[in-house]
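Notes follow the structure.
The values are calculated or read from the model by the stated rules, or taken from the named source; none is laboratory data. Nothing here was measured: the structure is a model prediction, and the numbers come from that model. Counting neighbours? That spans all protein chains shown, and the Cβs are built from the backbone with ideal geometry, glycine included. Accessible surface areas use protein heavy atoms only, side chains included; no ligands, DNA or RNA. Shrake-Rupley method; radii C 1.70, N 1.55, O 1.52, S 1.80 Å.
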Amino acid sequence: QVQLVESGGGLVQAGGSLTLSCAASGSRYSINAMGWYRQAPGKQRELVATISSGDSTTYVDSVKGRFTISRANAKNTVYLQMNSLKPEDTAVYYCNVRTIVNAVYWGQGTQVTVSS
């Protein structure tokens, strides 16, 4: 019974900012890595950013320099700070969690809409 609860989505004007959060609970095993994916209408889900247990991070090229992924040290919570938002960032954003035994879990998704 692993639950990932996302929050922080909404409607924002181009150039604005949003911060997404994802809190994981109920995992039998420790979390090894967390990340964010997004899916726009008619598009495949794509990886946006990841953060490892050692706090190494990766970003898709289109968000590098604008988005920052982080995690709480003692809490199973991951954040995605999104700055300088563009209309092409509009998508449903999904939190992703991987445990040390490679089980994968997904959040329910949160809508981010960037108007021009």
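Only residues of segment 1-42 count here: report those whose backbone N is under 14 Å from the spot 7 Å along Cα→Cβ of T68, or say none.
17-20
In square angstrom, what is the accessible area per residue of the chain with a 1.4 angstrom probe? Don't skip to the answer; put the middle values down first.
Details: 6410 Å² over 116 residues.
With all protein chains present, the chain gives 55 Å² per residue.
Two decimals is fine: what's Rg over Rh for segment 1-110, C-alpha atoms, Kirkwood radius as Rh?
Result: Rg/Rh = 0.95.
Kindly report, to the nearest 10 Å², the accessible surface of V2 as traced by a 1.4 Å probe over protein heavy atoms only.
That residue has around 40 Å² of solvent-accessible surface.
Express in Å², to the nearest 10, the accessible area of R71 obtained by rolling a 1.4 Å probe over the protein heavy atoms while all chains stay in place.
Taking all protein chains as shown, R71 has close to 50 Å².
On a 1.4 Å probe surface of the protein chains, which of Y93, Y29, Y79 comes out largest in accessible area, and what is the full order?
Numbers: Y93 0, Y29 110, Y79 85 Å².
The most accessible residue leads, giving Y29, Y79, Y93.
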